Structures are given as C-alpha cells and as structure tokens.
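Working notes for the structure below.
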Amino acid sequence: MTPRQAHCQPHRQARWQARRQRGAALLLLVAVLGLGAASLLISAFGRKTGEAERQQRTLDTLAQAREALLGFAAVNGRLPRPAASALDGRERAADCADDAACSGFLPWVALGVAGSDAWGKLLRYSVTPEMARAPIVSFSAVANRVVLERDARGEFAFVAGQALCDVSVECLPVVLFSQGKDHYGTAASGVTQINTARGNLDEAANDRASRSFIARPATDNAALPGGAFDDMLTWITLPTLYQRMRAARNLP
C-alpha cells in the first residue's frame, strides 16, 4: 500500500460507515412507517370486521326468531302476540284489539329465543291480529302486513303484499326487524335510544309502524330519499306459515 493509499483508507472507511448509518436509518424509518400504516389498516379492518360480525349475528338472531315463530304457530295454531313490555318477554295476555296493539317487541320468552340484536336492542315484532288468534281459519283470515322498498327514483314499491289485502291477494302475517346500530331502538334494559339523525324518515316510519314497513339497503347517506337507514327486516309469508301449520295438522 502506497502512502497515498494509506492516507485515503481512513477517509473511505469513514464515508462507508456514514453511508451505512444513513442506510440503516432509512431502513428503520421505512419499517416504522410500514408498521404505522399496517396498524392503521388493521385498526380500520378490525372495526369493519367487528361491525360485519354484529350484522351477521343479528341476521342469525332474526332467522332463529323467524323459525321459532313458525314452530310456535305449528304447536299453538296461531302466532304469538307481542311481548308484554320491554322488560317482560312473555306475550301479552290480552287479545289484540287492533293493528297497533299487535305491534311491539318480539315475545322472546314465549319463543325461547334471544330478544335483542347484536347491539343490545330489542327486536321489533308486528303480527296481523287475526293471525294471533286460534284457530286461524285459512279460507277467510286476511293477513295485512306489507313491506315496501324505494325504487331508483325514490318512489315506494311493494316487496311483499299489496295496497289492498284480502283472501285472494296475500299479504304478510308477520314482520320482525332489528333497528340496527344507530338512531332508533330500545335497549334490553328498557331505555329508549334517542334519534340523533335528521331526515331518516324511513327509520322513523318503521319505528311507529303497525302495518306497513320499509326495507332498504343500509346507508349512512342522509341525502338519499328516506335518509340514513340501517334497519334489518325479515318476515313470514302466508304460504310458509300455512304449510308449517298444515304439516303439524294444526290449521282448520
């Protein structure tokens, strides 16, 4: 090694070490940024997954309640009346005087199922008064619950039932639903959730409905016709109800 090379060697090593340190710092920065981005993605994905799981659990609870209603009708020759109160899941003792009296909360004790959704809200339930009395006379009883949706223009259209229900035009014997995560609903403790949204007309309509209900895809877009919406509905058709009751030989 020449004197010049010997003189340059420490400088080269210093520059090499400096570059190495800068490279290590850059790699560390990239790693930290990557971890931060991953944490944000995991957090966002976790929130979305958690909400999706609650929605699925609520759908499962509604399906179990629907099946329990069919089983109750097969055994008792009628559908149950609504729950006695938000704290009493037995069915009301008195016969339904009208549509409003036959709308309330799912009678979870009478059915032996969960009475609330995954957000801790009581499931809502509305049954045609004639279908909550035994015996149901199939050739004359008129189911009168209907479900509507909004078309592309925001106008209402029937999903199930018609404007006029009679023996020849079948409407629904029963509708049940969850009021979703936000806005309306009653907790299992009996506390009513205050609606803090504006313009959610379709949720408000379902909250006070006794015969006509609205089903729509969930949205938080308040500008859409009917406003924000997260109710989850299901129902039983008259042929399905009668088929189950006939199989049990409990339909005149």
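Of note:
- On the stretch given as segment 49-70, residues that are out of contact with any strand residue (DSSP E or B) (no Cβ under 7 Å at 6 or more places or on another chain) and surrounded by 14 or more Cβ atoms within 10 Å (Cβ to Cβ) total 7.
- Qualifying residue in segment 170-184 (condition: closer than 19 Å to residue 86 by Cβ and either more than 14 Å from the chain's Cα centre (by Cα) or β-branched (Val, Ile, Thr) (or both)): yes
- Summed over segment 96-139, the residues that are basic (Lys, Arg) and over 19 Å from residue 207 (Cα atoms) give a count of 1.
- Checking each residue in segment 134-170 for being exposed (fewer than 12 other Cβ atoms within 10 Å of the Cβ), at pLDDT 95 or above and among the acidic types (Asp, Glu) picks out only 155.
- Note on segment 229-241: among residues that are under 17 Å from the mean Cα position of the chain (by Cα) and not in a loop (DSSP other than H, G, I, E, B), the one that is surrounded by the most Cβ atoms within 10 Å (Cβ to Cβ) is 229.
- When residues in segment 205-248 are screened for being under 30 Å from residue 74 (Cβ atoms) and not aliphatic (A, V, I, L, M), 15 of them pass.
Listed here are the residues, each with its yes/no results for (1) in contact with a helix residue (DSSP H, G or I) (Cβ under 7 Å, 6 or more places away or on another chain); (2) free of Cβ contacts under 8 Å to residues at least 24 places away in the same chain.
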position	(1), (2)
109	no, no
112	yes, no
117	yes, no
126	yes, no
130	no, yes
135	no, no
140	no, no
143	yes, no
149	no, no
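- Residue 190 meets all of the listed conditions (1) of a type outside the set (Val, Ile, Thr); (2) surrounded by 14 or more Cβ atoms within 10 Å (Cβ to Cβ); (3) in contact (Cβ under 8 Å) with a residue 24 or more places away in the chain but one, namely (2).
- Search result, residues across segment 75-133 that are surrounded by fewer than 23 Cβ atoms within 10 Å (Cβ to Cβ), among the β-branched types (Val, Ile, Thr) and outside any helix (DSSP H, G or I): 113
- Taken over segment 193-228, the residue count meeting the criterion of being in a loop (DSSP other than H, G, I, E, B), open to solvent by less than 10 Å² (accessible area, probe 1.4 Å) and either closer than 12 Å to residue 124 by Cβ or free of Cβ contacts under 8 Å to residues at least 24 places away in the same chain (or both) is 0.
The values are calculated or read from the model by the stated rules, or taken from the named source; none is laboratory data. Computed from a predicted model, the values in this text were never measured in an experiment. Cβ sites come from the backbone with ideal geometry, for glycine too, and all protein chains shown count toward neighbours. Accessible surface areas use protein heavy atoms only, side chains included; no ligands, DNA or RNA. Shrake-Rupley method; radii C 1.70, N 1.55, O 1.52, S 1.80 Å.
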